[in-house]
Each structure stands twice: as structure tokens, then as C-alpha cells.
Amino acid sequence: MAFRIGANSNGKDEGIVRGAQKEIGCQCWFTSTGRIMPLMIKLEDENGEIMVIREITVHSQEIKRYAGSPSVELECTLWLRENKMSARLIYYVTQSKWVLNFK
């Protein structure tokens, strides 16, 4: 059996994430079937104030790999101060880190 650096046995590597990313706090529920259901998101605005988003609609969930690191990407619609916006919630599994990627 041959080994090589960068070999990915679990599928193709997705490369890098595009768009503006913001680190966030996310309260979520992991179901018994492995689905992730985000309940609340907290993020800091440009004035340093913490904003809370509770209205989250998840349209799809997909397991991906960015630079070899496993992640779960959720396509979502969020309501932020009466504004509806499309975004991607990304959970980096090995780092236990959440990122919000605005479209």
C-alpha cells in the first residue's frame, strides 16, 4: 500500500471557502441521525456589540473537506434585524469552530 502527502481517502477536497467569513458562536442540537440543527447564533458587529440571531432556516447540509480538514456546511436563511439574508454556516469538526460565510 502506497502513502502520499495530501491523500484524501474520504472524498474530494473542496479547496478554500469563498466570501466574507466571520467567526461566530453557535448553539446547536446534534440529532441522533447526525444532523446539525442550529438554534442560535451570536456574532460581533462592527461596533463591538453582540448580535443574536434566532430565526434560522436550514435548507441543506453537506459534509465537505477544506484543505483536508473535515467540515459540515449548512446553507441557511437568517433574519438579522428585519433583513433576510442567505448565508453558509460552516462547522470545522477538528477545531470545534463555527464560521458564518455571507453570500
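The values are calculated or read from the model by the stated rules, or taken from the named source; none is laboratory data. As the structure is a computational prediction, the values presented were derived from the model and not from experiment. We place every Cβ from the backbone using ideal geometry, glycine too, and count neighbours over all the protein chains shown. Calculation scope for accessible area: heavy atoms of the full protein, side chains included, ligands and nucleic acids excluded. Shrake-Rupley method; radii C 1.70, N 1.55, O 1.52, S 1.80 Å.
Answer yes or no as to whether residue 49 is at negative phi and either among the charged types (D, E, K, R) or over 13 Å from the mean Cα position of the chain (by Cα) (or both). Against the criterion (at negative phi and either among the charged types (D, E, K, R) or over 13 Å from the mean Cα position of the chain (by Cα) (or both)), residue 49 qualifies. Taking the numbered list (1) touching a residue at least 40 places away in the same chain (Cβ under 8 Å); (2) of a type outside the set (Phe, Trp, Tyr); (3) open to solvent by 40 Å² or more (accessible area, probe 1.4 Å) in turn, residue 64 passes all entries but (3). At least 1 residues that are out of contact with any Cys (no Cβ under 9 Å at 6 or more places or on another chain) and farther than 21 Å from residue 82 by Cα in each: list the strands (runs of 3 or more DSSP E) lying fully within segment 16-68 that qualify. Of the strands (runs of 3 or more DSSP E) lying wholly inside segment 16-68, those with at least 1 residues that are out of contact with any Cys (no Cβ under 9 Å at 6 or more places or on another chain) and farther than 21 Å from residue 82 by Cα span 20-30, 56-66.
The set of residues in segment 55-79 being farther than 17 Å from residue 21 by Cβ and in contact with a Pro (Cβ under 8 Å, 6 or more places away or on another chain) consists of 56, 58, 63.
The residue that is most open to solvent (accessible area, probe 1.4 Å), counting only those in segment 69-100 that are part of a strand (DSSP E or B) and charged (D, E, K, R), is 84. Exactly one residue out of 53, 16 is modelled with pLDDT under 90 and β-branched (Val, Ile, Thr): that is 16.
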